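In what follows, a structure is listed as structure tokens, so that the remarks can point back to it.
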């Protein structure tokens, strides 16, 4: 569904934000505009990835293959806003996602270049340090499903460092994970002309 003029203007502001993505998104629309980009990305960033299982025992027994199962390292991640690209986790993004054979997943992404807390104590940081930490990292875990060809089908988030994501689900209309050899391309649709794109490399 095409975004209205108001929505487009809001997403244009995303490219001017200091950081990121949900990697992660639709939930983010309720958040402060200052945190829109980080929340969206971080689903990611990710963004993040996952799914809901039904009759998992039988499905696993009858499953011939699972193309996404394995451990994947983050290679790159960016937000594309009507042709404009913005790196979502800095120039040297960090992250890893694991899809298990029994249809569970866990993903963590972060910007490794942000400054350390001056105090050295995560319970004793400044407001700016906390903001940077929250908007520069995301952890998510849950379950996922695959289709008859072993390709990613749907995700269900059981828990996240961004609590608004808890209990949310995404299907292929919003999130895709396409495997090509040892690379997996993730695409999260935010709005018409706005998406998050992440490249994962299978670990050896």
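Based on the alpha carbon coordinates of the stretch 70-126, what radius of gyration and maximum Cα-Cα distance (Dmax) apply, in Å?
When restricted to the Cα atoms of the stretch 70-126, Rg and Dmax are 15.3, 42 Å.
Calculate the FRET efficiency for residue 75 and residue 172 from the Cβ-Cβ distance with a Förster distance of 25 Å, rounded to the nearest 0.05.
On the way: r = 22 Å, r/R0 = 0.88.
So the FRET efficiency works out to roughly 0.70.
On the first, second and third principal axes, largest extent first, how far apart are the outermost C-alpha atoms of the stretch 63-204 in Å?
On the principal axes, the stretch 63-204 reaches 52, 35, 32 Å in Cα extent.
Which FRET efficiency value, to the nearest 0.05, do you get for residue 122 and residue 98 by plugging their Cβ-Cβ distance into 1/(1 + (r/R0)^6) with R0 = 30 Å?
Working: r = 24 Å, r/R0 = 0.81.
The pair residue 122/residue 98 has a calculated efficiency of 0.80.
Where a number appears in this text, it was derived from the coordinates with a stated rule and is not lab data. Remember, it's a predicted structure, so these values are computed and weren't measured experimentally. Reconstructed Cβ throughout: ideal geometry from the backbone, glycine too, with neighbour counts over all protein chains shown.
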